[in-house]
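The values are calculated or read from the model by the stated rules, or taken from the named source; none is laboratory data. These numbers come from a predicted model, not from an experiment. Glycine also receives a Cβ, built like all others from the backbone with ideal geometry; neighbour counts cover every protein chain displayed. Quick note on the areas: whole protein, heavy atoms, side chains included, nothing else; ligands and nucleic acids left out. Shrake-Rupley method; radii C 1.70, N 1.55, O 1.52, S 1.80 Å.
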Amino acid sequence: MRKAYAVHPDSASLTASMTPERPPRGLRLKLRWLVGASIATLVAVLAGALWLSYDYERNRKQDSLRDTVTTAAAGIRTRLRETEKGLLLLNADLDRDDAAARFERGAIEALKANPAMLRLEQRSASGRLLAALDAAPPRPNLAALRPEALRSEVREAMIEARGSGRIAYSRPYIMPITGIPVIELAVHRPGEIGSALLAVISLQLLLDRFVGPDVLSENALRLTLPGGDPLAAASAPTRGAGVYVASAPLQLGSTRLVLQANSIRRLPSVVPNLLTALLVLLSVALAASAGLLWRDTRRRVWAERQMRAQYAFRKAMEDSLVTGLRARDRDGRITYVNPAFCAMTGFDEHELIGSRPPMPYWDPEAREEYEHRQAELQAGRLSRLGVETVFLRKNGERLPVLVFDAPLIDDSGRHTGWMGSILDLSEQKRAEDMNRRHAEKLQSNARMATLGEMASALSHELNQPLAAITSYATACENLVGRGDPEPVLGALERIRQQCERAGQVIRSVNDFVRRRRIERRTVSVAELLSSLDPLIRLQAKKPDVRVAWRAEGGCDVIGDHTMLELVVLNLTRNAIDSMSDVPPECRSLEIVARRVEGGPRPEVEVSVTDRGRGVSPEDEPHLFNPFFSTKTEGMGIGLSLCRSVIEQHHGQLGHVPRDGGGARFWFRVPAAPIQAGSASAPAHMEP
């Protein structure tokens with residue numbers, strides 16, 4: 001029997017209530033946009049991950065190449081330092097006996113130790129070849145290809161090594177005929193004036209022998225000048241792909257080279273398994289997004305706290321600086337000043353911020369100079385050298401300063417203005433003025449000391465012309481009584497000559513002792529020696545020293561007459577004192593002035609040669625030190641003062657032993673230009 005079920009009257013409405021209601025159209029659109037945004041975000045994340053991986057790989061290879069080039073440059077410099085040490089040891093070893101054999105042995109060892117060295121030479125100051133040794137084959141033999149005359153680059157390196165007392169490198173150049181790019185290393189020979197050791201180094205062999213084979217096989221290496229001009233390339237047949245390129249500086253003394261590398265590697269490729277790994281990582285990232293977001297929030301708060309602490313730290317550093325800082329925009333308006341700058345000028349920060357030219361601290365007398373400097377900055381002609389100028393404090397006081405300007409670049413690479421660093425030169429100027437006054441006082445004391453030593457001899461020297469004048473005057477009285485005028489006139493002429501002789505001695509001493517300011521003008525060395533002749537002979541009369549001097553033509557210099565007199569008198573006095581214990585027949589003093597050409601500039605050399613006891617090897621290193629003297633009663637400031645005077649004239653002071661005993665002290669100062677038709681004639685005075 002079939003069973004029947006009753007239908008509830010509200011069953012239809014109940015079924016309808018249990019069926020989910022369809023969302024409204026506006027909500028559906030929002031959901032679709034949300035899903036689309038999620039998919040777009042997923043695609044963007046995947047693309048970004050791929051790009052980041054690609055960029056990371058490329059940057060990693062670039063950084064690896066940069067580290068490789070830096071390491072290669074450091075390796076080259078280390079090997080060259082070993083060569084420098086070896087040449088310094090060889091240079092010291094040449095001062096011993098059998099220098100030729102020592103040079104040959106040391107040169108063989110140096111050429112073996114440095115496979116990039118082609119030739120080792122020993123040259124005189126004039127460039128004349130004294131000794132040389134070439135590297136063994138297969139390196140090229142330069143004996144027949146290298147000219148006798150030195151190139152200007154090598155001569156400049158020799159002068160630099162002599163002036164600095166250190167090793168100097170020449171500017172690189174291409175050797176004729178062979179076409180080999182080389183650089184030369186100069187080591188000054190202290191025992192021989194101007195001579196040097198010269199090492200010819202091949203730039204190509206520097207790359208081939210001093211860089212590892214793994215680096216040469218994966219990179220095309222070359223050496224260039226800082227401007228990019230190529231010099232030499234490695235001989236390995238490696239061709240760079242041009243994708244990864246790096247360079248590193250190679251500083252050789254004052255010569256700067258650049259080592260460039262072009263890697264054979266190409267751009268990285270994205271492999272399929274990387275995409276699969278990224279999809280897995282993306283799934284994990286979606287699951288952990290909430291935790292990462294919370295952690296990121298905490299890190300963001302910590303980073304903001306660190307930034308505030310760092311800002312406070314940098315602000316404290318800026319406030320503690322003694323160097324003034326001033327920032328200006330492109331229009332010259334001040335946008336920032338630090339407390340040190342405010343303390344220098346006396347203005348508050350609010351008085352300076354926003355100021356436009358003319359600035360309140362400008363000196364009205366130097367306004368044109370400031371405006372010219374501002375125009376140079378606007379035109380982009382920025383000098384890295386500081387500019388010395390004067391600021392005006394708020395109270396009207398003048399402040400000497402040194403200003404350095406550098407461009408301000410924002411995070412997008414745009415030039416937004418200039419940052420200026422200002423140094424207060426007040427203390428430096430005060431110290432320079434104090435040193436100048438101290439030097440003038442030392443010079444005055446030295447002149448007074450010289451005058452004291454001459455006092456006794458001066459009185460005896462003046463007695464002779466005065467006694468002669470008295471005798472001639474008595475003779476005139478007797479002749480007048482006879483009525484004969486001719487003998488009277490002759491006696492009066494002799495009286496005049498003796499008066500001029502006495503006056504010349506007095507004037508020489510007076511001009512030398514008189515204190516005055518330093519004045520630079522054209523000084524004739526011949527006239528200077530002529531004016532000093534009475535004083536020099538006055539010093540030499542008591543010890544019975546014969547004096548002779550001569551000055552060649554063209555011996556004019558730019559300098560201070562009295563200061564140069566002080567140097568000559570000090571050197572002659574020391575020479576006379578050194579001959580006190582030699583036989584009288586050997587006591588002779590010779591002063592020679594001559595013009596020296598052939599260097600970077602013409603010079604005048606004045607030498608004082610004696611036949612005394614000379615300078616002992618123990619005293620030679622301390623000879624020009626202040627308060628060092630070989631005399632029992634000497635003050636030890638004479639030669640030190642002479643060296644200071646010659647250095648102020650941009651010259652050199654030195655000495656060498658004299659053949660046969662004695663010493664020759666010399667100094668060189670720049671010569672004055674010879675005007676057409678005005679060359680001074682030679683002058684001399686024999687004993």
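So if the hydrodynamic radius of the stretch 180-241 is defined as the Kirkwood radius over C-alpha pairs, what does Stokes-Einstein give as its diffusion coefficient at 4 °C and 1.567 mPa s, in µm² per second? Don't skip to the answer; put the middle values down first.
On the way: Rh = 13.6 Å.
The diffusion coefficient I find is 96 µm²/s.
May I ask you to derive the FRET efficiency for R266 and W51 from their Cβ-Cβ distance with R0 = 22 Å, giving the value to the nearest 0.05? Present the calculation step by step, with values, prior to reporting the outcome.
Details: r = 18 Å, r/R0 = 0.81.
That pair, R266 with W51, gives E of 0.80.
Taking the simple approach of a point 7 Å from Cα along Cα-to-Cβ for both S426 and K542, what is their distance in nm?
5.2 nm
To make sure I understand the rule: partners must be aspartates and glutamates, Cα under 14 Å from the Cα of K85, and not fewer than 8 residues away in the same chain. Which ones qualify?
Candidates past the 8-residue exclusion: D93, E109.
Apply 1/(1 + (r/R0)^6) to the Cβ-Cβ distance of Q378 and A92, taking R0 = 60 Å, and write down the FRET efficiency to the nearest 0.05.
Details: r = 56 Å, r/R0 = 0.93.
Between Q378 and A92 the formula returns 0.60.
Provide the net charge surrounding G227, with neighbours chosen by a C-beta distance below 13 Å and charges set as Lys +1, Arg +1, Asp -1, Glu -1. Present the calculation step by step, with values, prior to reporting the outcome.
On the way: positive: R171, R256; negative: D229.
Here the charged neighbours net out to +1.
Find how much the distance from V301 to E109 grows on full extension, using 0.36 nm per residue of separation minus their present alpha carbon separation; answer in nm with one decimal. Provide the component values of the computation, followed by the final result.
Details: separation 192, 0.36 × 192 = 69.12 nm, distance 6.51 nm.
Separation in residues times 0.36 nm, less the Cα-Cα distance, equals 62.6 nm.
On the accessible surface of the stretch 289-417, probed at 1.4 Å, how many percent belong to carbon and sulfur atoms? List each step's numbers first, then the result.
Working: 4770 of 8630 Å².
Taking all protein chains in place, the stretch 289-417 shows 55 percent carbon and sulfur surface.
On a full-extension model of 0.36 nm per residue, what is the gain between A439 and E153, subtracting their alpha-carbon distance, rounded to one decimal in nm?
99.2 nm
For the stretch 582-625, what does the alpha-carbon gyration tensor say about shape, rounded, prolate or oblate, given a ≥ b ≥ c as the root eigenvalues, a/c under 1.5 as rounded, and a/b over b/c as prolate?
Oblate is the answer for the stretch 582-625, as a/c is 1.5 or above yet b/c matches or exceeds a/b.
If I stretch the segment between V387 and R521 completely, what's the gain in nm (0.36 nm per residue apart, minus their alpha carbon distance), one decimal?
Numbers: separation 134, 0.36 × 134 = 48.24 nm, distance 2.79 nm.
Net length gain for the segment: 45.5 nm.
Over what distance in Å are the Cα centres of the stretch 520-575 and the stretch 333-356 separated?
Taking the Cα centre of each part, the stretch 520-575 and the stretch 333-356 sit 57 Å apart.
Could you work out how far apart the two model spin labels at D581 and S616 are, taking each label as a point 7 Å from the Cα in the direction of the beta carbon, and quote it in nm?
0.9 nm
For a distance above 26 Å, tell me the whole-number percent of Cα pairs in the stretch 294-437 that qualify.
Details: 3556 of 10296 pairs.
Counting pairs separated by more than 26 Å, the tail of P(r) holds 35 percent.
I need the calculated FRET efficiency for the pair L321 and R398, taking r as the beta carbon distance and R₀ as 25 Å, to the nearest 0.05. Working shown, then result.
On the way: r = 23 Å, r/R0 = 0.91.
After rounding to 0.05, the efficiency reads 0.65.
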